[in-house]
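Undergrad: Submitted below is the structure of interest, expressed as structure tokens.
The values are calculated or read from the model by the stated rules, or taken from the named source; none is laboratory data. As the structure is a computational prediction, the values presented were derived from the model and not from experiment. Reconstructed Cβ throughout: ideal geometry from the backbone, glycine too, with neighbour counts over all protein chains shown. Quick note on the areas: whole protein, heavy atoms, side chains included, nothing else; ligands and nucleic acids left out. Shrake-Rupley method; radii C 1.70, N 1.55, O 1.52, S 1.80 Å.
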Amino acid sequence: MGLELIILIIFWVLLFYLIVGPDLPDLVEQFSFVGLLGISAALVYLFAVRVLDWNPNPLRVDIARILTYDREIYLGDVVPGLYDLDDIRRIDADGENTPADPEEGDQWLAFYRYDVVSRENAAPGGPYGAAIYEPDGCRPPSLLAFELVPASYDYLGQDAVEVLVDNIIKYEDPLSDGRDRPEVIITGRTREVVTDLNIFRKVGIKQDQCLPWRRDASYPAALQLTSPFSYENIGSFRGSYKVVLSKGKGDLSTVNVWDSGGFERSQLTIRKQYRPGENGSYFRSGTQELWDPVEYSLDFGPGEPDQVPQVYYPEKAVLAFYLNLTKDKSLLEEAKTYLSPRAQATYDMRTDPFGLSTAPDSVARARGDLARVLVLEIGYEADTVAEQQHLERTVEVTVVGVNKNGRIDDEQHRCRVTWQIIGISNPAARPYGCEWRLDSYVSSCQPQ
């Protein structure tokens, strides 16, 4: 129901007690009664919205039109496919707020749906598009409209969309007179997961004069009104599993895209990481082709399992081991528990290369400079009977090291590591009383 409902219910009970309970002055009871009426109205409203899924926006629009004698311009009448007030946002797309109004910009972002599918007792379905409207500052003023077009004229989201304006890329755009404008970031959700990310930036500078609008095609083209601005799509990403824009300290512009690896029993995904180039865009100059990912690796889709040795599939244990092979002591201790007792006695978690390159020019340097590991490939032979009986299994991985500066080992230092995985009895392990443990390995990068 939400925290607000709980708080309102507590206050409702308190006020009701003050009215019917102790003998209080009439003034206190009167104020309590008025407060009770207000909280009751709020509870009814929240119950209708949260529980009964009532949409109050059509009524709000009708009331606004009555109060303003229908003299307000409503974008819902202008933009086909705009179905709800929640689809209109006031934003500051260029970072040029006036001091008198520092919290809001002078642009309106309108989301709309197209190729609409009507659904019984539900909002219309269909992919989302968007447009930005802003005044041109001329006399008389006009609204300039800019469609936010992703690469390949694609959609922005399927089930829901959100917008954020933030300066995630430090870039003094020469087409904008060297201004470092913020980015308009639109995320699209599919079944409540962010699967689409599009990033736009306002490009251009305002002209000193406003030219008259001419619809006559015979009017000289050089004098026809053209917008001094455009909104350029500088990055467009879609992941079949999810997309995440990093928001950590000092890392605002990194985009991670997870794609499901087709039919994959272990729910493994392919993660690709992107950063903008020197042109301030995720696209190569003059194209809609993304810059190459700065790194890619295999990863868990839903996340690393809580009890890795107890997983159904041995390949999960191998992937989790390498993802925990970092400088972090707690993660190293966790990774150690993925090894068999024999392996724990044989391999030193702090120094053993675990199949990674030990060449002098490798970033791994026998663990000396290793910060983390990327698993590029994983191979295994699925054998249901052998796995159910927890017989010894073989898992092969291709791995490279990454140092603390983010430098990745080159192709000459990619290592093919073959692990033997054994089943160890543990009555407390769920559901079959056994655990998968990494027992021994051989590596293409280390002589036998």
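Undergrad: Please list, or write none, the lysines whose alpha carbon is within less than 17 Å of the alpha carbon of Lys329, excluding same-chain residues fewer than 8 places away.
TA: Those lysines meeting the cut-off are Lys404.
Undergrad: Still on this structure, please answer the following. When the accessible area of segment 279-395 is split by element with a 1.4 Å probe, what percent falls to carbon and sulfur?
TA: Numbers: 2700 of 5660 Å².
In segment 279-395, the share of accessible area belonging to carbon and sulfur is 48 percent.
Undergrad: What full-extension length gain, to one decimal in nm, is calculated for Val193 and Ala48 as 0.36 nm per residue of separation minus the Cα-Cα distance? Can you show the working numbers first?
TA: On the way: separation 145, 0.36 × 145 = 52.20 nm, distance 2.60 nm.
Using 0.36 nm per residue and subtracting the Cα-Cα distance, I get 49.6 nm.
Undergrad: Could you work out [θ]222 nm for the chain from helices alone, using -39500 (n - 2.57) per DSSP H run of at least four and dividing by all its residues? Round to the nearest 500 deg cm²/dmol. Provide the component values of the computation, followed by the final result.
TA: Values: 8 runs with 83 residues, N = 448.
Estimated from H runs of four or more residues: -5500 deg cm²/dmol.
Undergrad: May I ask for the net charge around Tyr114, where only other residues with Cβ less than 14 Å from the Cβ of Tyr114 are counted and Lys, Arg are +1 while Asp, Glu are -1?
TA: Numbers: positive: Arg113; negative: Asp87, Asp115, Glu147, Asp154.
Net of charged neighbours comes to -3.
Undergrad: Between the helical axis of 314-323 and the dominant principal axis of the chain, each derived from Cα atoms, what acute angle in degrees is found, rounded to the nearest 10?
TA: Taking the Cα atoms of the chain, the angle to 314-323 is about 70 degrees.
Undergrad: What lysines sit close enough to Lys206 to cross-link, taking a C-alpha to C-alpha distance under 23 Å and skipping anything fewer than 8 places away on the same chain?
TA: Filter leaves Lys170.
Undergrad: For Thr384 and Val117 in the same chain, what is the full-extension length gain: residue separation times 0.36 nm, less their Cα-Cα distance, in nm?
TA: That works out to 91.8 nm of additional length.
Undergrad: I would also like to ask the following. Can you pull the one-decimal nm distance between simple spin-label points at Ile424 and Ala41, each 7 Å off the Cα toward Cβ?
TA: 6.7
Undergrad: Using a 1.4 Å probe, what is the accessible area per residue for the chain, in Å²?
TA: Numbers: 25610 Å² over 448 residues.
Each residue of the chain exposes 57 Å² on average to a 1.4 Å probe.
Undergrad: Right, here's the next one. Around Ile169, under 15 Å between beta carbons, what's the net of Lys plus Arg minus Asp minus Glu among the other residues? Can you show the working numbers first?
TA: Working: positive: Lys170, Arg179, Arg181, Arg201, Lys202, Lys247, Arg275; negative: Asp94, Asp166, Glu172, Asp173, Asp180, Glu183, Glu232, Asp251, Glu278.
Once all neighbours under 15 Å are counted, the net charge is -2.
Undergrad: If the limit is 31 Å between Cα atoms, which of Lys202/Lys327; Lys202/Lys272; Lys272/Lys336; Lys202/Lys247 go over it?
TA: Values: Lys202/Lys327 41 Å; Lys202/Lys272 27 Å; Lys272/Lys336 27 Å; Lys202/Lys247 21 Å.
Lys202/Lys327, as the Cα separations exceed 31 Å there.
Undergrad: What angle do you read, to the nearest 10 degrees and between 0 and 90, between the alpha-carbon axis of helix 57-67 and the longest principal axis of the chain?
TA: Taking the Cα atoms of the chain, the angle to 57-67 is about 20 degrees.
Undergrad: Could you give the length gained on full extension between Phe11 and Arg90, defined as 0.36 nm per residue of separation minus the Cα-Cα distance, in nm?
TA: Numbers: separation 79, 0.36 × 79 = 28.44 nm, distance 3.38 nm.
Computed gain between Phe11 and Arg90 is 25.1 nm.
Undergrad: Still on this structure, please answer the following. What distance in nm separates the two pseudo spin-label positions at Arg275 and Leu27, each 7 Å out from Cα along the beta-carbon direction?
TA: Label-label distance for Arg275 and Leu27, simple model: 6.6 nm.
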